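Here's the structure we're looking at; comments come further down.
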Amino acid sequence: METKMNKKKEFNVGKMYEKYGLVLILMLISGFFGAINGNFFSLYNIQNIFKQSSINGLIAFGMTFVILIGCIDLSVGSILAFVGYIAGILLVNYQLPIVVVLPVALLLGMILGVINGVLVSKVKLQPFIATLVTMTIYRGVTLILSNGLPIRNINKASEVMKFINRGEIVNLPISMIIYLVVFVILWFILDKTLFGKYLYATGGNEEAARLSAVPVTKIKLSAYAISGFLSALAAILYISRYNSIYPNAGQGAELDAIAAVVIGGTSMSGGKGKIVGTLIGALIIGILNNGLNLLGVSSFYQEVIKGIVILIAVVADRKKSN
């Protein structure tokens, strides 16, 4: 009788951890940094965390779609730099309005994502190799176009970009509001639509999905297109936030995005995961970055700490899968 009760207790604790473990980790990390630095919970710093998280979070949302189908996208940082640079040229050099630049930038990001999808689903390259190649090509083209030089004073050329950076509604930065609206749309797509079910089916067992009449090739193309689109949207928030774009912008963005997705509980083998997990995972990465910066930890050590966090998340995912 006692053994049965103990098993039930262990089961409930396990279920509780699975449901609320991420929130608990988020609270513990926040409490730790708040206890050793009085500025951590200031309104300015919280807004800063939200702004930083929104750029990484948008890229991570797109990465979630790609990982759910059992693939990977290493080119997201290069897409951010490429699209950001083109948007910067159109705004500063050609003085085009944002209503023209925004759709051009988003369409460009989507096209770059579709190229990844074609290489993976039509040419049948391994996702790691395909996106490693495009990561190099997109970055190289950006360097050629820029000649290694940045585009500056972007917010001076556009009042809308300035508003995206500095505007607030009920103390929530505009970038954070955009981020949350995108999150709600993506949550609806994944949880409430047939397309979402097809994504999970493709990642869970591609052959079984194909035999069940799931249009696997179109699903893969769509997932990469969404990843490219969201990387482009992140590029708009990036150039608004930093008021400039350098050709090496977004380097390492793929690492932060993958970290947010894996910490959020999405399986690297595909077919399992939730967008809400990625939202919390991106916030944990944002808080880690912010807290370590406040403590004056060197960026070199920050990379090591993030790598360890990813390793722990991957090992936990592997144990859960087994």
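If the chain between residue 195 and residue 295 were fully stretched, how many nm would it gain, using 0.36 nm times the residue separation less the Cα-Cα distance?
Length difference between fully extended and current span is 31.6 nm.
Set the Förster distance to 22 Å, then compute FRET efficiency between residue 169 and residue 42 from the Cβ-Cβ distance, nearest 0.05. Display every interim value, and only then the final one.
On the way: r = 20 Å, r/R0 = 0.89.
So the FRET efficiency works out to roughly 0.65.
Note down the net charge around residue 200, summing +1 for each Lys or Arg and -1 for each Asp or Glu among other residues with Cβ under 13 Å from its Cβ.
Computed value for this residue: +2.
If the only charges are +1 at each Lys and Arg Cβ and -1 at each Asp and Glu Cβ, what is the size of the charge dipole of the chain around the Cα centre, to the nearest 20 debye?
Here the size comes out at about 540 debye.
Please list, ordered by chain and number, the residues whose modelled amide H lies under 5 Å from the amide H of residue 172; skip anything fewer than 5 residues away on the same chain.
Here the answer is none, since no amide H 5 or more places off falls under 5 Å of that of residue 172.
About the Cα centre of the range 226-322, what is the dipole size in debye to 20, counting +1 per Lys and Arg Cβ and -1 per Asp and Glu Cβ, all else neutral?
It comes to approximately 320 debye.
Can you grab the distance from the C-alpha centre of the range 113-145 to the C-alpha centre of the range 87-101, Å, no decimals?
Centre-to-centre (Cα) distance: 26 Å.
Once the other residues with Cβ under 15 Å from the Cβ of residue 216 are scored (Lys, Arg +1; Asp, Glu -1), what is the net sum?
On the way: positive: 122, 124, 197, 210, 218, 220; negative: 206, 207.
Around residue 216, the charge tally is +4.
For the chain, what is the accessible area per residue in Å² when the probe is 1.4 Å?
50
How much length is gained on full extension from residue 96 to residue 184, taking 0.36 nm per residue of separation minus their Cα-Cα distance? Intermediate results must be reported in sequence, preceding the final value.
Working: separation 88, 0.36 × 88 = 31.68 nm, distance 3.05 nm.
Result for the pair: 28.6 nm of gain on full extension.
Count the net charge of all other residues whose Cβ sits under 13 Å from the Cβ of residue 66, scoring Lys and Arg as +1 and Asp and Glu as -1.
Values: positive: 220; negative: 73, 254.
Summing Lys/Arg as +1 and Asp/Glu as -1 gives -1.
When a/c reaches 1.5 or more, the comparison of a/b and b/c decides; with that in mind, is the range 91-173 rounded, prolate or oblate per its Cα gyration tensor?
Judged from the Cα gyration tensor, the range 91-173 comes out prolate (a/c at least 1.5, a/b above b/c).
Rounded, prolate or oblate: which fits the chain, taking a ≥ b ≥ c as square roots of the Cα gyration tensor eigenvalues, rounded meaning a/c under 1.5, else prolate when a/b beats b/c? Don't jump to the answer; show the numbers that get you there.
Details: a/c = 1.89, a/b = 1.21, b/c = 1.57.
Judged from the Cα gyration tensor, the chain comes out oblate (a/c at least 1.5, b/c at or above a/b).
With a 1.4 Å probe and all protein chains left in place, how much of the accessible area of the range 247-299 comes from carbon and sulfur atoms, in whole percent?
58
At 1.4 Å probe size, with the rest of the protein present, what percent of the exposed accessible area of the range 121-236 is carbon and sulfur atoms?
67
Based on alpha-carbon centroids, what's the gap between the range 27-48 and the range 185-253 in Å, whole number please?
A separation of 31 Å, based on Cα centres.
Amide H neighbours of residue 272 under 5 Å, at least 5 residues apart or on other chains, H built in the peptide plane: list them.
So residue 272 has HN proximity to 267.
Show me, for the range 292-306, the HN-Hα J-couplings you get by feeding each phi into the Karplus relation (A = 6.51, B = -1.76, C = 1.60, θ = phi - 60°), rounded to Hz, glycine and proline as x.
Listing the rounded values in order: 5, 5, 4, 7, x, 6, 4, 4, 5, 5, 4, 4, 5, 5, 5 Hz.
The values are calculated or read from the model by the stated rules, or taken from the named source; none is laboratory data. Note that the structure is a prediction, hence the values are computed from the model and not measured. Using ideal geometry, Cβ is built from the backbone for each residue, glycine included, and neighbour counts are taken over all protein chains shown. Protein only, heavy atoms only, side chains kept; ligands, DNA and RNA dropped before computing areas. Shrake-Rupley method; radii C 1.70, N 1.55, O 1.52, S 1.80 Å.
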